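Bear in mind these aren't lab numbers, they're just calculated from the coordinates by the rules spelled out. Predicted model, so just to flag it, every value in this text is computed and none were measured. Positions of Cβ are backbone-derived with ideal geometry, glycine not excepted, and every protein chain shown enters the neighbour counts.
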Amino acid sequence: MIEYWLQNGDAYLLENNLEPEDIPSEFQIRDPPKQIRDILEPLLQNNGKATIFFNSYFGQFRGGKARFKESKTKTCSTCGNKGADKIKGWIFPFIIDKNKFPNLYPHGKIESLNLCRNCAVRSFAAYHNVYFTAQRDYISFVIFYSDTPKDLNEFLKTYAPKRVSREYYYNWRAPDRVFFPYEYLATILNEISENIKIETEIFEKRTGALVFGVSVRGNKKIFEFAEILSDLSEFINIFQIFKSKHTKNPFYQLFRNLRKGKDGEVKPDLFIWRNLFFKKLFKYRDIDWNIVENILFYNIRERNQTPPFLPSFLLSVMEVFGMGDKELYEKVSTLGYRLGMETLRKELGKNIEEANRDEIDRARKKLVQRIYELKRKRTLEEFLDSLNTLQLSAESEIDDRPFRENEKIFYKLKVFFLIGISNAAFSKRKEKGGDKNEG
Ligand SMILES: [Zn+2]
């Protein structure tokens, strides 16, 4: 972890032609020298006032002095140089207490984790590259790393979103409120995928990200979350493939509907599914199908819709990770849609175009009940039985071979089928045969 953090500091120093010696070892945060102000600028609001992040890490030094003083008897825990000071929380934001994580100590029996002056400045400079957002006292933050500090600079300058609008709770704002680090990272990666127009060098560099979640209570910071993610290029690829299937970037609409609640609501549990969805994606390069099903049925129940663009995003993920036959999933989704439309028609006793709104609402409610029945079927046989009943009542027949022939991936196929049939339930009256979610 410390290498990646220090690389961010090195990147800043390199970009600004600074040597660690250029920065005074003693200064006040309230009235800092220019070099320090420049480092901390992205952590301040546009009006120069403190942000929640700044307050959490440097607040206690306001008016006082944040001092760093080398002692000849101490050795730097990072580079091994003689002459160091005990590490301070405001210099290195992670573990500084050896009682908590003794195995982080690189030299065995030492009394404290120390940094030499160079490493302290490198560590402090790393703050410059932090992206953060917060809800109440919970801060999510992200930094990147690459092969070298120079590559990292290239990446930050060329592709990473600019932190131009900075307010108390964020220095880069996600397109929807976010609570947790993985959902925050997803919005940043989407932005990066916008900035990369063609296949570029970043796909050759091993650029990764570090994501953190921190609870702040008074002066106490509790890391609830710290993760290193390698090679972002696959994820950026997913966002690009997803985008390329649609005329406008559909990310925001997708993203917004992956969470619970209304626009203004910010309870943490409204954001948990979305964070878990992206966690599974970024950490395990996989899809959490249970979460997908939860999100689908939340949207059906609370929003009278299927989550816009969800199948398209899932297929983009599956394409990049080679997770199976795209045509098969699309076919199953279409089967679901067709059976849904047939069921509606049968229920109405006429074409949807000829029915009035009340009639459609009634028919739709019945179809949604059927969809819930299908959802509850956990085995292939139960599911096919239920599907059979539905076909009989709709006087319609669909080809269920895709399920029979692919029992191993039944749980995935089921999700696509449920999305398809739900699209029928919520399709708009005027649209014929189309999928209102265009994906
Ligand atoms: Zn050092």
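What FRET efficiency comes out for residue 362 versus residue 284 if R0 is 45 angstrom and r is the Cβ-Cβ distance? Round to the nearest 0.05. All intermediate terms of the calculation are to be shown ahead of the outcome.
Details: r = 43 Å, r/R0 = 0.95.
After rounding, the FRET efficiency stands at 0.55.
Farthest toward the dipole's positive end in the chain, which of 132, 142, 230, given Cβ charges of +1 (Lys, Arg) and -1 (Asp, Glu) about the Cα centre?
Checking the options against the dipole of the chain, the answer is 132.
Given a Förster radius of 45 Å and the C-beta distance between residue 386 and residue 215 as r, what FRET efficiency does 1/(1 + (r/R0)^6) yield to the nearest 0.05? Intermediate values should be presented prior to the final figure.
Numbers: r = 45 Å, r/R0 = 0.99.
Plugging the Cβ-Cβ distance into 1/(1 + (r/R0)^6) gives 0.50.
By count of other Cβ within 10 Å, fewest leading, how are 332, 266, 216, 164 ordered? List each step's numbers first, then the result.
On the way: 332 26, 266 13, 216 19, 164 10.
Neighbour counts put them in this order, fewest first: 164, 266, 216, 332.
Over segment 332-386, consider all pairs of different Cα atoms and compute the Kirkwood hydrodynamic radius from their mean reciprocal separation; express it in Å, one decimal.
Numbers: mean 1/r = 0.0830 Å⁻¹.
Taking every pair of different Cα atoms in segment 332-386, averaging 1/r and inverting gives 12.0 Å.
Cut-off is 10 Å between beta-carbons; in what order do 212, 225 appear when sorted fewest neighbours first? Show your work: numbers first, answer last.
Numbers: 212 21, 225 18.
Lowest to highest Cβ neighbour count: 225, 212.
Send over the semi-axes of segment 310-439's equivalent ellipsoid, whole angstrom and largest first, taken as the square roots of 5 times the C-alpha gyration tensor eigenvalues.
On the way: eigenvalues 128, 62, 24 Å².
With the √(5λ) rule applied to segment 310-439, the semi-axes are 25, 18, 11 Å.
Could you list log10 I(q)/I(0) for segment 264-326 at q = 0.17, 0.20, 0.28, 0.29 Å⁻¹, which the Debye formula gives when each Cα is one point scatterer?
The calculated log intensity ratios at q = 0.17, 0.20, 0.28, 0.29 Å⁻¹ are -0.65, -0.86, -1.29, -1.32.
Evaluate Rg over Rh across segment 145-285, taking Cα atoms for both radii and Kirkwood's formula for Rh.
0.96
Quick one: if you take sqrt(5λ) for each eigenvalue of the C-alpha gyration tensor of segment 318-357, what semi-axes come out, biggest first, whole angstrom?
Numbers: eigenvalues 220, 16, 6 Å².
Its equivalent ellipsoid spans semi-axes of 33, 9, 6 Å.
How long, wide and thick is the chain, going by the Cα atoms along their three principal axes, in whole angstroms, largest first?
Rounded to whole Å, the extents work out to 88, 42, 42 Å.
Which whole DSSP H helices in the chain pass both tests: a Cα extent of 15 Å or more along the axis and a mean Kyte-Doolittle value no lower than 1.0?
Details: long enough: 2-15 (20 Å, -0.26); 181-195 (21 Å, -0.32); 233-244 (16 Å, 0.49); 272-284 (17 Å, -0.11); 289-303 (20 Å, -0.29); 310-320 (16 Å, 1.62); 326-348 (33 Å, -0.66); 357-376 (29 Å, -1.52); 380-394 (21 Å, 0.25); 410-425 (22 Å, 1.19).
Span-like helices in the chain: 310-320, 410-425.
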